[in-house]
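All remarks here apply to the structure that follows.
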Amino acid sequence: MFVSKNLAVNEKDHLTIGGIDTVELASKYGTPLYVMDEDLIREHCRSFKQSMDRYYGGEGLVCYASKAFCCKAMCKIMMDEGIGLDVVSEGELYTAASVGFPMDKVCFHGNNKTDEELSLAIEHKVGRIIVDNIFELERLNKIALKAGVKANIMYRIKPGIDAHTHDFVRTGQIDSKFGFALETGEAFEAVKKAISLDNINFIGVHCHIGSQIFDIDPFVHAAEVMIGFIEKIKNELNYEIKELNLGGGFGIKYTEEDTPVAYDKYMEKVSEKVKALCGEKNLKLPFILIEPGRSIAAPAGITLYTVGGIKNIPNIRTYVSIDGGMCDNPRYALYKSKYDVVVANKASAPKDNVVTVAGKCCESGDLIGEGMPIQQVEAGDTLAVLATGAYNYSMSSNYNRIPKPAVVMVKDGGSRVVVKRETLDDIIRNDLE
Ligand SMILES: *Cc1c(COP(=O)(O)O)cnc(C)c1O
């Protein structure tokens, strides 16, 4: 009935998440409220890990792309599940370090890392720095020299794969700001350079072809291209690549239209290709990394709002306004992303209404969705937007000086705050007169 399997309806006709009444959560913690289901997050981690064990004999590491949803509690859950972490900034690295995350399991990404960020990565002995360009490589070599260490690096490669997803979330094609291009020879020249540098330990290659991808083929194709590159490096430079990082991007179900493939199937198909090619080409099977973000966090989360004014414009549309908006979920404004909504206090009533859900920010584009099927809705209802566990809290802003909502984690029938609601004093904290 719902897009995520942790959602249900109780005897009061209220929506539940992880068995907990969302209307009660809204009244206990206030709205807007992000709610994450810890049990489902852990289940996703375990299933990715099991696939890694099944198809690569455990010779791999699942790294959660923390940009999807990052806070101390989330880093702790990943640590507890034996999952690694992708970070893309000082802030994400700092969050991981603050809970004592094992730094050998951290991958540091980003297309424009600052010297401060590279130094911090070296200082923390981050396991893998994913180098994006030559400018970065040279600076990193100097920083590592100063620190008297060798930096473990992988290269971000653009494999030239056109994954069928939204333009803004495609990253594998040649016209992308991320990584080294293969087809121009740029990547190969960069590899020569990396292996010539004294304070660089070049361990592997990385690709990430995009996000919210439903087809298996682009992943298989990307793996094929990457193995081809590993072979070229071995044959022409006599250099063995030890690790292959295949990125994330697995699609999830936001609405009934979405039909994600079981993640185990991606793993199976990609591993078959990787193993077959390595066998054929007489290459040692590299250590495999994958980096799911959305698929671990998104289905585990919902956002709860309180419905305010409703504006019915005859023959045009009905606007249902909520007490949040693009400041806590900018994805419709950014990508026209589709979501399902449920009136949480009448969750099983038929969705015989179609509305536009609007936020409270001063932007016409501040919408959560248009043409959204919904129950009969009135002011004071609790509105749940589903599958908001990824790229919502992490993309939130203080636009219009709106404090960020709290994040509540539910687990084993209980709930706890893992990120406090911002206060008005937080809003002016850094202001000086
Ligand atoms: C964003 C990102 C991911 C995660 O992508 P999802 O679509 O959330 O799975 C993984 N790797 C890299 C390098 C990324 O930039």
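The values are calculated or read from the model by the stated rules, or taken from the named source; none is laboratory data. All values reported here derive from a predicted model rather than from experimental measurement. Note that each Cβ is placed from the backbone with ideal geometry, even for glycine, and that neighbours are counted across all protein chains shown. Ligands, DNA and RNA are excluded from the accessible area calculation, which covers all protein heavy atoms including side chains. Shrake-Rupley method; radii C 1.70, N 1.55, O 1.52, S 1.80 Å.
Please list GLU186, GLU116 in order of solvent-accessible area, largest first, computed with a 1.4 Å probe with all protein chains present. Before the final figure, lay out each step's value.
Working: GLU186 85, GLU116 115 Å².
So, going from the largest accessible area down, we get GLU116, GLU186.
Ignoring solvent entirely, what values of log10 I(q)/I(0) come out of the Debye formula for segment 140-268 at 0.10, 0.20 Å⁻¹ when each Cα is a single scatterer?
-0.37, -1.10
Leaving out ligands, DNA and RNA but keeping every protein chain, what accessible area does ASP13 have, in Å² rounded to the nearest 10, with a 1.4 Å probe?
40
Measure off, as a whole percent, the carbon and sulfur share of the 1.4 Å-probe accessible area of the chain, all protein chains present.
Numbers: 9150 of 18440 Å².
Here carbon and sulfur together make up 50 percent of the probe-accessible area.
Is the C-alpha gyration tensor of segment 1-116 telling us rounded, prolate or oblate? Criteria: a/c under 1.5 is rounded; beyond that, a/b larger than b/c is prolate, otherwise oblate. Before the final figure, lay out the partial values.
Working: a/c = 2.82, a/b = 1.55, b/c = 1.82.
Judged from the Cα gyration tensor, segment 1-116 comes out oblate (a/c at least 1.5, b/c at or above a/b).
Tell me the relative contact order for segment 109-292 as a rounded percent, counting alpha carbon contacts under 8 Å between residues six or more apart.
Numbers: 320 pairs, mean separation 34.1, N = 184.
Once normalised by length, the contact order is 19 percent.
For the chain, what does the accessible surface come to per residue with a 1.4 Å probe? Please give it in Å². Could you put the intermediate results ahead of the total?
Numbers: 18440 Å² over 433 residues.
Result: 43 Å² of accessible area for each residue.
Check the straight Cα-Cα distances from LYS265 and name the lysines below 18 Å, setting aside those fewer than 8 residues away within the same chain.
LYS49, LYS253, LYS273, LYS275
Heavy atoms only, 1.4 Å probe, whole protein assembly: order SER394, SER66, SER27 by accessible area, highest first.
Numbers: SER394 50, SER66 0, SER27 100 Å².
My answer, sorted largest first, is SER27, SER394, SER66.
Run the simple label-point estimate for GLU272 and LYS351 please: 7 Å along Cα→C-beta, distance reported in nm.
Computed distance between label sites GLU272 and LYS351 equals 3.4 nm.
Along Cα→Cβ, 7 Å out, is where each label goes; now give me the distance between the ones at ILE310 and LYS234 in nm to one decimal.
Each label point is offset 7 Å from its Cα along the Cβ direction, giving 6.4 nm.
Which order do the peptides 133-140, 319-326 take when ranked by the mean count of other beta-carbon atoms within 10 Å per residue, highest first? Mind showing how you got there, number by number?
Working: 133-140: 17.6, 319-326: 23.2.
In decreasing order of mean packing, 133-140, 319-326 become 319-326, 133-140.
Rounded to the nearest 10 Å², what accessible area does PHE287 have for a 1.4 Å probe in the complete protein model?
50
If the elastic network links every pair of Cα atoms under 10 Å, which of TYR332, TYR391, TYR254 fluctuates the most in the Gaussian network model of the chain?
Of the options given, TYR332 has the highest mean-square fluctuation.
For the full complex of protein chains and a 1.4 angstrom probe, list THR95, THR259 by accessible area with the highest value first. List each step's numbers first, then the result.
Values: THR95 30, THR259 100 Å².
Output order, biggest surface exposure first: THR259, THR95.
Among the complete DSSP H segments of the chain, which ones combine at least 15 Å of alpha-carbon extent along their axis with a mean Kyte-Doolittle hydropathy of -1.0 or more?
Working: long enough: 38-56 (27 Å, -1.41); 134-147 (20 Å, 0.29); 186-196 (16 Å, 0.12); 217-237 (29 Å, 0.30); 263-280 (26 Å, -0.83).
TM-like helix candidates: 134-147, 186-196, 217-237, 263-280.
Please work out how much accessible surface HIS44 shows to a 1.4 Å probe, ignoring ligands, DNA and RNA, in Å² rounded to 10.
Rounded to the nearest 10, that gives 30 Å².
Need the full-extension length gain, TYR335 to LYS193, defined as separation in residues times 0.36 nm minus the C-alpha distance. One decimal, nm.
Stretched fully, the TYR335-LYS193 segment lengthens by 47.3 nm.
In nm, what is the difference between 0.36 nm times the number of residues separating GLN376 and ARG46 and their Cα-Cα distance?
Details: separation 330, 0.36 × 330 = 118.80 nm, distance 3.89 nm.
In short, 114.9 nm is gained.
Binning at 20 angstrom from zero up to the longest distance, how are the C-alpha pair distances of the chain distributed in percent?
Spelled out bin by bin, the chain gives 25, 53, 20, 1 percent.
Could you work out how much longer the chain between TYR399 and ASP80 gets when fully extended? Use 0.36 nm per residue separation minus the Cα distance between them, nm to one decimal. Let's see the in-between values first.
Values: separation 319, 0.36 × 319 = 114.84 nm, distance 3.46 nm.
Contour length minus the Cα-Cα distance gives 111.4 nm.
If contacts are Cα pairs under 8 angstrom and at least 6 residues apart, what is the relative contact order of the chain in percent?
Values: 961 pairs, mean separation 84.3, N = 433.
This gives 19 percent for the chain.
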